[in-house]
Amino acid sequence: MLSFVKMHGLGNDFVIVDCRQTCTLPSVKAIRKIADRHRGVGFDQLVVLLPATNADLLMRFFNADGTEAGACGNATRCVAQLHFEQTGKDRAVFATQAGLLPVWRGGADAQGQPLYAVDIAQPQFDWDKIPLAEAQDALQLTLSVENLSQPCAVNVGNPHVVFFVPDVAAIDLTRLGPQIEQHPLFPQRTNVEICQVLSPQQLRMRVWERGAGITQACGSGAAATLVAAVRRGLAERKAEIVLDGGSLWVEWRADDRVVLTGTASAVFSGTFDAQFLAELA
C-alpha cells in the first residue's frame with residue numbers, strides 16, 4: 001500500500017509520497033502515469049521524501065514528464081507545512097539536489113492564511129552554472145524568439161530565463177514556451193518566465209515550467225524573476241510577484257540568499273489502488 005498527499009501552492013500542484021520507510025523511487029513510466037490528470041492523480045511535480053543524514057529529510061522533485069528537477073520552491077513550502085503539522089516544529093532544514101534549504105513558519109497573510117518561507121538559493125549568473133551552451137552575459141542574452149528577446153538568465157537551483165514585456169497577457173506562452181525551453185542555448189533545457197513590471201515592489205509573472213508546461217505558479221520562477229528584475233534595475237530587492245494562481249513574496253537579501261514566502265494548501269490524501277500500482281511496475 002502506497003499513500004500520498006495532494007497539495008498545491010497557488011495552484012502549482014504536487015503529489016507528495018513519503019518513502020522514508022519502505023517504498024522506492026518510482027520509474028519514469030510510473031511518474032508519467034501518476035501525473036495523468038485523467039487516469040492518475042495529476043500534478044505539476046511529484047515530490048518524494050527520503051531519509052537524510054544532514055537534514056530533517058531529503059526531497060527529490062520529478063516533473064510530469066518524468067524528468068528530475070533540482071529544486072521547487074512551492075513544493076518545498078508544501079512539504080514544510082506537512083512537516084510542521086507532523087512534528088510541531090516551526091523551523092526545519094530540507095536537503096535537495098540544489099543544497100540545504102531552511103524553511104520556517106512565516107506568519108499569516110491578509111486573509112489570515114498561514115505563510116511558509118523557504119531560503120531557496122544563492123543565485124548563479126556564470127554562463128556555465130546556469131548552464132548555457134556557450135559563453136554569454138547572463139544579464140542580457142542574445143536570444144530572440146519572435147517578439148521575445150534579450151532575456152536575463154539565472155540559476156536558482158534550476159535554470160531560468162526571464163523576459164521583460166509590456167503586457168504578459170499579450171504573449172502566446174503556450175506556443176513560445178516549449179520553443180524557448182528546448183532552445184539549443186540551454187543544454188539542460190530551461191524554465192521560461194515572462195514579466196511585466198507593475199511597480200518596483202510588484203511584478204506580474206507568467207511561467208512555462210521545464211517538463212511541466214504552463215503552471216499557475218512557480219516558486220523558483222518567482223525568485224528568478226525578482227533577481228533578474230533587480231539586476232536590470234527594474235525592482236527593489238523585496239517585492240510581490242503576482243502569478244496566475246496568486247501572489248508570492250520574494251526577497252533577495254543582503255547575504256545573497258533568496259527567500260520565498262507564500263501559502264501552502266493540502267487538498268486530499270489517499271492510497272493508490274493495488275491494480276494501479278501493479279500497472280506501474
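The values are calculated or read from the model by the stated rules, or taken from the named source; none is laboratory data. Source: prediction; values computed, not measured. Methodologically, a virtual Cβ is constructed for each residue, glycine included, from the backbone with ideal geometry; neighbour enumeration extends over all protein chains shown. Note: areas computed on protein heavy atoms with side chains; ligands, DNA, RNA excluded. Shrake-Rupley method; radii C 1.70, N 1.55, O 1.52, S 1.80 Å.
Just to be sure I understand the filter: pairs with C-beta atoms under 9 Å, separated by 6 or more residues or on different chains, first member in region 263-276 and in a strand (DSSP E or B), second member open to solvent by less than 80 Å² (accessible area, probe 1.4 Å) and among the aromatic types (Phe, Trp, Tyr). Which pairs pass?
That search, which allows pairs on different chains as well, returns Ser269/Phe4; Gly270/Phe4; Thr271/Phe4.
Suppose the filter is open to solvent by 50 Å² or more (accessible area, probe 1.4 Å), over 24 Å from Asp65 (Cα atoms) and touching a helix residue (DSSP H, G or I) at 6+ places or on another chain (Cβ under 9 Å); does Arg189 pass it?
No: the conditions fail for Arg189.
Is it the case, given these coordinates, that Ala71 is at pLDDT 95 or above and not polar (S, T, N, Q)?
no
In the set Ala228, Ala239, which member is in contact (Cβ under 8 Å) with a residue 12 or more places away in the chain and either touching a helix residue (DSSP H, G or I) at 6+ places or on another chain (Cβ under 8 Å) or assigned to a strand (DSSP E or B) (or both)?
Ala239
Here are Phe61, Phe43, Phe14: which of them is free of Cβ contacts under 8 Å to residues at least 40 places away in the same chain and under 12 Å from the mean Cα position of the chain (by Cα)?
Answer to the check: Phe61.
Can you go through Ala30, Ala80, Ala108 and tell me which one is at pLDDT 95 or above and of a type in the set (A, V, I, L, M, F, W, C)?
Criteria check complete, one pass: Ala80.
Taking Ala254 as meeting all but one of (1) open to solvent by less than 10 Å² (accessible area, probe 1.4 Å); (2) of a type outside the set (Val, Ile, Thr); (3) out of contact with any Leu (no Cβ under 8 Å at 6 or more places or on another chain); (4) more than 27 Å from Ala35 (Cα to Cα), write down the number of the exception.
(1)
Residues of region 192-208 being open to solvent by 10 Å² or more (accessible area, probe 1.4 Å) and under 16 Å from Val154 (Cα atoms), which ones?
Scanning region 192-208 gives a single hit, Trp208.
What pairs come up if the first residue lies in region 194-219 and is free of Cβ contacts under 8 Å to residues at least 24 places away in the same chain, the second is among the hydrophobic types (A, V, I, L, M, F, W, C) and open to solvent by less than 10 Å² (accessible area, probe 1.4 Å), and their beta carbons are under 7 Å apart, counting only those six or more places apart or on different chains?
none
Could you list, in sequence order, the residues of region 143-155 that are part of a loop (DSSP other than H, G, I, E, B), farther than 11 Å from Ala228 by Cα and open to solvent by less than 30 Å² (accessible area, probe 1.4 Å)?
Leu143
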